[in-house]
Amino acid sequence: MVKLKDIAERTGVTISTVSAALNGRGNMSSETRERLIETARQMGYAPNQAARLLRNKPAVDVALVINDSRHNLRLSGTYLVHISEFLDYCRERDFSQRIEFFTDGERDTAIPETMRDRVARGIIHVGFVTPGLKRFLEEHPGYPLVSFGEPGIHCVRSAMEDGAYRAVGHLAGLGVKRILVSGGPQRFDYHRQIRRGAERAIRDFGLIPIAQELREEIQVNETDSSFMAATVEWARRVLEYNPRPEAVFCSGSFPGRALAMVALEKRIPIPSELKIVTVGIVNAGSGSYPELTSLEHDYTGMMGEAFGILERIWNGEEKEGIEVRVEPELVVQASTVGELPAK
């Protein structure tokens, strides 16, 4: 088993210098720090994270780390749901907690402050796993972190591939033939799952995919001020396409609402001539006219599973990585069933 002493002897520095480099502390050049980290990695150094956490007496039991800017909190209903579920669970279990927004993911070696300073006994991480964080977790597989919504050594995800299959099957059962399945950036596993499940259903049910050049919804981040205008423009292009899709399955509530608005504007009756299914948070489709059929994440169930994995890690029960997939719920509403007058 490689120890700090072995790394120090290999690199010609003191044990304290090695420790400082591996823990992000100390006054040294970035070149020296990187050299020591790389040597430790090559030698297979794997610190005992459980012992470190006990030794450093973490300030809180669990932290929620969100890979985004705090500024975007007011623009993302999803983050508010994550935070609400997290705080509810902490209150139920009497866990002390902390929330961090991590925005330094562009640097290859950057990791959240909560992890760097070992503030929490365990972490639930929301969002894209950055290169620096991925590298850290690969080098420290025992670290008590659960990835929420994206792949990881320990992770909880929506079973979106199966959910998307059911959503497209619902549309096929209503007689739909021409369909557009749109989605977000394919670098995210969540969007890849939706596309895989939908495309499998299209093949199995004999549907006709159309307007493929429009399946990448919006190239503007939803927190950008121009997002809604760009979304409405995308919806207009979809509904002006010839032949027009009989149904659209889109990966977010904003595109679904934009489609509904433009359809009403163009006097396209919903759902007889256009059916819409979205993916989103609980009640995502209920704030629209018409109310949108929605494939909804079970964030309550996902958060419970995430805490369950952390507790197993704390108790020493989980030596290998674990992945839990939680089924989303298809909530059928007026955009696929029931006739609405065109305005």
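The values are calculated or read from the model by the stated rules, or taken from the named source; none is laboratory data. Quantities reported herein were computed from a predicted structural model and do not represent experimental measurements. Here the Cβ is made from the backbone with ideal geometry for all residues, glycine too, and neighbour counts use every protein chain on show.
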Check: Do the conditions hold for Glu150, that is, is it at pLDDT below 90, assigned to a helix (DSSP H, G or I) and acidic (Asp, Glu)?
Finding: no
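One line per residue, one yes/no per condition, for (1) at pLDDT 90 or above; (2) under 29 Å from Phe227 (Cα atoms); (3) of a type in the set (S, T, N, Q):
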residue	(1), (2), (3)
Arg118	no, no, no
Leu145	yes, no, no
Ala167	yes, yes, no
Gln186	no, yes, yes
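For region 305-323, indicate whether the set of residues that are over 30 Å from Ala63 (Cβ atoms) and among the polar types (S, T, N, Q) is non-empty.
no
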Checklist line | Subset of region 125-166 (residues that are of a type in the set (Gly, Ala, Ser) and over 17 Å from Gly301 (Cα atoms)) | finding: Gly127, Gly132, Gly142, Gly152, Ala164
Note to self: Let me confirm something: among Gly173, Gly197, Gly142, which residue is out of contact with any strand residue (DSSP E or B) (no Cβ under 8 Å at 6 or more places or on another chain), in contact (Cβ under 8 Å) with a residue 24 or more places away in the chain and assigned by TED's automatic domain parsing to the domain that holds Ser272?
What the structure shows: Gly197
Note to self: Step by step: first the residues of region 26-42, then only those that are among the hydrophobic types (A, V, I, L, M, F, W, C) and within 33 Å of the chain's Cα centre (by Cα), then the one that is farthest from Glu139 (Cα to Cα). Which residue is that?
What the structure shows: Leu36
Checklist line | Residue check, Ile270 over 27 Å from the mean Cα position of the chain (by Cα), farther than 29 Å from Glu85 by Cα and either buried (at least 23 other Cβ atoms within 10 Å of the Cβ) or assigned by TED's automatic domain parsing to the domain that holds Arg70 (or both) | finding: yes
Notebook entry, point to check: Just one of the numbered conditions (1) in a loop (DSSP other than H, G, I, E, B); (2) of a type in the set (Lys, Arg); (3) not assigned by TED's automatic domain parsing to the domain that holds Val279 is not true of Arg187; which one?
Noted result: (3)
Next item on the list: Being modelled with pLDDT of 90 or more and among the acidic types (Asp, Glu) is the filter; apply it to region 312-333 and report the residue that is nearest to Val168 (Cα to Cα).
Entry: Glu329
Notebook entry, point to check: Taking region 116-131 on its own, how many of its residues are surrounded by fewer than 20 Cβ atoms within 10 Å (Cβ to Cβ) and either over 19 Å from Val156 (Cα atoms) or charged (D, E, K, R) (or both)?
Noted result: 5
Next item on the list: Identify all residues within region 107-138 that are free of Cβ contacts under 8 Å to residues at least 24 places away in the same chain and in a helix (DSSP H, G or I); write none if there are none.
Entry: Glu113, Lys134, Leu137, Glu138
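So which residues in region 200-225 are of a type in the set (Gly, Ala, Ser), surrounded by fewer than 18 Cβ atoms within 10 Å (Cβ to Cβ) and modelled with pLDDT of 75 or more? Walk me through it before giving the result.
Of region 200-225, the ones of a type in the set (Gly, Ala, Ser) are 201, 206, 211, 225.
If we keep only those that are surrounded by fewer than 18 Cβ atoms within 10 Å (Cβ to Cβ) as well, we get 206, 225.
Scanning region 200-225 gives a single hit, Gly206.
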Check: Of all the residues that make up region 272-305, how many are at pLDDT 90 or above and of a type in the set (Phe, Trp, Tyr)?
Finding: 1
Checklist line | Close pairs (8 angstrom Cβ cut-off, 6 or more residues apart or separate chains): under 20 Å from Tyr190 (Cβ atoms) in region 242-260, of a type in the set (Asp, Glu) anywhere | finding: Cys250/Glu217; Ser251/Glu217; Gly252/Glu217; Gly252/Glu222; Phe254/Glu222; Pro255/Glu217
Notebook entry, point to check: Listed residues Phe249, Phe254; which is more than 20 Å from Ala172 (Cβ to Cβ), surrounded by 19 or more Cβ atoms within 10 Å (Cβ to Cβ) and either under 19 Å from the mean Cα position of the chain (by Cα) or modelled with pLDDT of 95 or more (or both)?
Noted result: Phe254
